[in-house]
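Please read the structure below before turning to the comments.
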Amino acid sequence: MHSVVSNSAVSLDVQADVSTCVALLSNFDGMVYRMRRDPCWTVEFVSAGCLSLTGYAPHELVFNQVVSFEEITHAEDRQRVRCAIDTAVALGQRYNVEYRIVRKDGSVCWVVERGSVSSQQRATALPASSGRPSTIEGFILDISERKQAEHALREAERRYRSIFENAIEGIFQSTPDNHYLTVNPSLARIYGYASPADLMANLRNISGQLYVDPARRCEFIRLMETDGYVTDFQSEVYRRDRSVIWISENARAVRDAAGKVLFFEGTVEDITKRKRHEAEIQYQASHDPLTGLYNRTALYAGIAQAIQAVQGNGGQVAVVFLDLDQFKYINDSLGHQVGDHYLRTVANRLRSCVRDSDMLARQGGDEFVLVLGNQHSPSDITHTVDRILGIVSRPWMINGLELQVTCSIGISLYPTDALDADSMLRHADTAMFKAKSLGRNTFQFYSDKMMDGGSDRLGLLSRLRQTLETSGLVLHYQPRQCLKTGRIVAAEALVRWPLPDGTLVSPADFIPLAEESGLIVQLGDWVLREACRQLRQWIDEGTGHVPISVNVSRVQLEREDLAGTIADILATYALPAALIELEVTESAVMGDVEKSLNTLRQLKALGVGVAIDDFGTGYSSLSYLRRFPVDTLKVDRSFMQDTPDDKESAGIVAAVIALAHTLGLSVVAEGVETAEAALFLQDLNCDQLQGYHFSRPVPADAFHALLLQGVTCVK
Ligand code: C2E
Ligand code: MG
Ligand code: MG
């Protein structure tokens, strides 16, 4: 009974176990199976999960009622699955294989199948050859989601790898102890290595091998430690071939959970071109394109810097302002190309006079400035300036011509004369102007007295303008004597600027300033008007018609309306045009030749005379005179200085007179100071002389007196 009770209890237990198993199997996400290892994988048993996994109900699969598991297995995977299972079975192991199945609705789904030879078979240890088919059992799970996730991961990794491999920027991971963990091909290329592997193998110490200044790597690491990142961190680095490039790094520190820096990762950009471009812009902004010297902007900064450097050490700063004396002449007569060439020559000569620590700048035009820093003795400055005067005035050959240009120099000192760049430059300019008025080719140190006299350029210009507006200028007249008759046949009107103390400022001192500033147009108009007014007065007084010659500067000659202006003035004073002669220099005519030619033709048509002034100081070419409608040639006074004693000068004068005559021009010799010179000229048939020998330029009254003495000659 007991055993009956006990047996029935056991069978109840078994039933409970079976139903628990069925419940477990139906709850199982995948499908549990037993299959035969036949070509169809004939299913003997399959759990309810079959439906959701394959879309087929268990009875459709069991014994291949509708479809076999072989058919469900994706055609491309069948071989592999069978092989995996056969191999495991042969080795007595469990198999574990991932493959695809085609569900009832045609969709493809990834599964994992794990199992082994069926337990029954193992228990009975029946060999496969026993006649009963070998069976396997196990379970199959849907792993589509995991597969998709893996696929997405692989895709992402592929994409990121592509970015890494193909990025234009270099990408790296490096360690705080100066070696690389990874680099991409671009980084290798930027640093001049054949491949990332080549770089990793050869660049083993970033700090020592890469950075031109190893302190940059220290700074990089310091920033990483304090900020955790760097942006646009610029450094110069060596490429493999030791050439130097500029790079910009953007990087961050990667830390572990405890905050310890594991490595750095970031990007590298080659910014050499950008840097070069920036440097070019910087260079252009601070240099004069013609000479390569510093420009005015840099000059101001340079002076300020030099001042700062001597503050507290008792040193001085000298600003040396240099202006070429005859540059305008070179530029006007030989053309701008020669002028530019000359400025470059001067720049090079000046370079050879200064120390590396001194600054050399072109302030503009023909003005150069030297900043001599940390000076302790005035004699050093004088020594340098003396050298400059000597070097600048060395002869210079161009197109077979030997030219000699001198310069005038003004010097101002910090802290004696001024305390800032602007004042130092102004004072040096004033001193330079003083040097010019002392006869050029010399230098002057600035002194406060120069300012008392208001002799600085700007002050002078403003006072000249004022004097002109208040009719404060006067004309002196220098007679021209006929060498045959000894009579006054003409006079040259020469402008004078009387100062309140009675002294007269020479036109040589203010005409260049008036030309530079454009005031010459107004001044020239005044001279013409005044000469005509005076002439009208003398004619009205019955003292005779004496032709007056008036100097005309290049600026006036290049104006469109010179002939018109003269016609108006002549009309105002009802004067015949033949009583006015205009003196133009060779260089003025040769400036804009076509324009000059046009103006000269208009003047000729008007009936005024034209004389070439200072002949021999410019082109000295008689051939071009044929092209110009000119009446008179005035031989420059420099030739008369040693004539007739100096054979060379005398020979030139004789030749010029003869040639001018063959061209039908009358000749005036300027600057005749001696009787010998006058006799010499008479022998050569020179037409007229002008010079101290006969008379200095004199005020209108004095000239009038000369005319009244009866030496008047009415042409
Ligand atoms: P320039 O036209 O050649 O004038 C002759 C200059 O030679 C005058 O100088 C005159 O005083 C000087 N001179 C005359 N005879 C002798 C002599 O025997 N020996 C010496 N050593 N010098 C003599 P100044 O008056 O100082 O004028 C200098 C220059 O200024 C003139 O040279 C002329 O180029 C310019 N200038 C004068 N007045 C005017 C003017 O109204 N307008 C323009 N644009 N320039 C003027
Ligand atoms: Mg003259
Ligand atoms: Mg002259």
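The values are calculated or read from the model by the stated rules, or taken from the named source; none is laboratory data. Everything numeric in this text was worked out from a predicted model, so none of it was measured. Neighbour counts run over all protein chains shown; Cβ positions are idealised from the backbone, glycine included. Please note that ligands, DNA and RNA were not included when accessible areas were found on the heavy atoms of the full protein model with its side chains. Shrake-Rupley method; radii C 1.70, N 1.55, O 1.52, S 1.80 Å.
Side notes on the structure shown:
- Scanning segment 359-370 for residues that are surrounded by 20 or more Cβ atoms within 10 Å (Cβ to Cβ) and either assigned to a loop (DSSP other than H, G, I, E, B) or among the basic types (Lys, Arg) (or both) returns Arg362, Asp366.
- Val354 falls short on exactly one of the conditions (1) within 29 Å of Ser377 (Cα to Cα); (2) modelled with pLDDT under 90; (3) out of contact with any strand residue (DSSP E or B) (no Cβ under 8 Å at 6 or more places or on another chain); (4) surrounded by 14 or more Cβ atoms within 10 Å (Cβ to Cβ), and that condition is (3).
- If you go through segment 579-598 and keep only what is in contact with a Lys or Arg (Cβ under 8 Å, 6 or more places away or on another chain) and away from ligand 2 (no atom under 16 Å from the Cβ), you end up with Gly591, Leu597.
- Residue under evaluation Ser549, criteria (1) in contact with a strand residue (DSSP E or B) (Cβ under 6 Å, 6 or more places away or on another chain); (2) away from ligand 2 (no atom under 16 Å from the Cβ), criterion not met: (2)
- Residue pairs meeting the criteria (Cβ under 6 Å; at least 6 apart or on separate chains; first within 23 Å of Val310 (Cβ to Cβ), in segment 334-358; second surrounded by fewer than 16 Cβ atoms within 10 Å (Cβ to Cβ) and among the charged types (D, E, K, R)): Cys353/Arg387
- Output for segment 30-82, where each listed residue is in contact with a Gly (Cβ under 9 Å, 6 or more places away or on another chain) and of a type in the set (Lys, Arg): Arg34
- Residue in segment 241-277 that is least open to solvent (accessible area, probe 1.4 Å), counting only those that are farther than 15 Å from Leu223 by Cα and assigned to a loop (DSSP other than H, G, I, E, B): Ile271
- The residue that is most open to solvent (accessible area, probe 1.4 Å), among those in segment 581-591 that are without any contact (Cβ under 8 Å) to a residue 60 or more places away in the chain and within 13 Å of ligand 1 (Cβ to nearest atom), is Thr585.
- Matching residues in segment 592-620 - criterion: being open to solvent by 30 Å² or more (accessible area, probe 1.4 Å) and either over 51 Å from the mean Cα position of the chain (by Cα) or within 14 Å of ligand 1 (Cβ to nearest atom) (or both): Ala605, Leu606, Gly607, Asp614, Thr617
- Only one of the numbered conditions (1) open to solvent by 10 Å² or more (accessible area, probe 1.4 Å); (2) touching a strand residue (DSSP E or B) at 6+ places or on another chain (Cβ under 9 Å); (3) not aromatic (Phe, Trp, Tyr) is violated by Gly486, and that is (2).
- Within segment 249-261, residues that are at negative phi reach partners that are open to solvent by 60 Å² or more (accessible area, probe 1.4 Å) with beta carbons closer than 6 Å, at six or more positions or on different chains, in the pairs Asn250/Thr231; Arg252/Tyr229; Val254/Leu262; Asp256/Leu262; Val261/Arg255.
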